[in-house]
Amino acid sequence: MQYPDWFNRRLTERYLRRKGVEWSGELPVMDMRKPPQFLRFGSGRIKLGSGVRIFTHLGIPKLHVGHGSVITIGDRSVINGAFQLHAESEGGITIEPHVLIAPRVIIMDSNMHPISEGETWSPRPILLKRNCWLCDDCKIMPGVEVGEHSVVGAGSKVTDSVPLRTVVDGNPARIVRQVVCRDDWVRETDPIWIGSHGRDWFQKR
């Protein structure tokens, strides 16, 4: 994996350890010149795969992971600024490899409160499958699974699981088209900050 010139391995490792984050393989890419990289709440586990990329220039991400829960972010996934992950269920939130998450996305596996008197609430795990793409400002609600290669349109609220190779949009989200691709296809995720133009763009923010 190619790291940008400004990447600081020592500071990144120290930051992740201080936050109690586990990782495997290549270090996640974060710009340690602009801390904090994310805000962590709760005593559950956070696990990052190899080469995860976390951008913060559009806002600080927030990760809440309750006791006994877990947030898992798979290899080469890209997470953009101001996203929020709230995990309370035993299964937590699982993000498979090569998933793209745009700015201001909210993913919650629990409603946190009952709706009516006498009701109870229980968290339900969330699964984002390989190579799916969540566009800006969408919301993923408890118990949802987003299928492989699928796309969630900007501003959508997803309350039901999304089949593989589909595009959903709206509130509530509905299927609007199909995705045509090979099984092994991966969306382009080369970071914009590789190369002089990308570095200049990033450093101005």
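The values are calculated or read from the model by the stated rules, or taken from the named source; none is laboratory data. Not measured: the values here are computed from a predicted model. Neighbour counts are summed over all protein chains in view; Cβ atoms, including those assigned to glycine, are modelled from backbone coordinates with ideal geometry.
So Ser110 passes all but one of these: (1) surrounded by fewer than 18 Cβ atoms within 10 Å (Cβ to Cβ); (2) modelled with pLDDT of 90 or more. Which condition number does it fail?
(1)
Which is touching a residue at least 24 places away in the same chain (Cβ under 8 Å), surrounded by 14 or more Cβ atoms within 10 Å (Cβ to Cβ) and in a loop (DSSP other than H, G, I, E, B), of Asp31, Asp5?
Unique residue meeting the criteria: Asp31.
I'd like to check something: does segment 131-147 contain any residue that is within 30 Å of Pro4 (Cα to Cα), acidic (Asp, Glu) and touching a residue at least 40 places away in the same chain (Cβ under 8 Å)?
Checked against the condition, which is being within 30 Å of Pro4 (Cα to Cα), acidic (Asp, Glu) and touching a residue at least 40 places away in the same chain (Cβ under 8 Å), segment 131-147 yields no hits at all.
Can you tell me which of (1) surrounded by fewer than 21 Cβ atoms within 10 Å (Cβ to Cβ); (2) on the phi > 0 side of the Ramachandran plot is the one Pro97 doesn't meet?
Condition not satisfied by Pro97: (2).
Could you say whether any residue in segment 50-66 is within 12 Å of the chain's Cα centre (by Cα) and among the basic types (Lys, Arg)?
yes
Inside segment 83-94, can you point out the residues that are crowded, with 22+ Cβ neighbours inside 10 Å and within 10 Å of the chain's Cα centre (by Cα)?
Phe83, Leu85, Ile93
Which of the numbered conditions does Glu119 fail, given that it passes all the others? Conditions: (1) out of contact with any strand residue (DSSP E or B) (no Cβ under 7 Å at 6 or more places or on another chain); (2) touching a residue at least 24 places away in the same chain (Cβ under 8 Å); (3) surrounded by fewer than 22 Cβ atoms within 10 Å (Cβ to Cβ).
(2)
Can you pull out the residues in segment 8-28 that are assigned to a loop (DSSP other than H, G, I, E, B) and surrounded by 13 or more Cβ atoms within 10 Å (Cβ to Cβ)?
Passing the criteria: Asn8, Lys19, Gly25, Glu26, Leu27, Pro28.
Give me the pairs: first residue in segment 60-74 and touching a residue at least 12 places away in the same chain (Cβ under 8 Å) and within 17 Å of Ser122 (Cα to Cα), second residue of a type in the set (Phe, Trp, Tyr) and surrounded by fewer than 20 Cβ atoms within 10 Å (Cβ to Cβ), beta-carbon distance under 6 Å, and six or more apart or on different chains, which are they?
His64/Phe41
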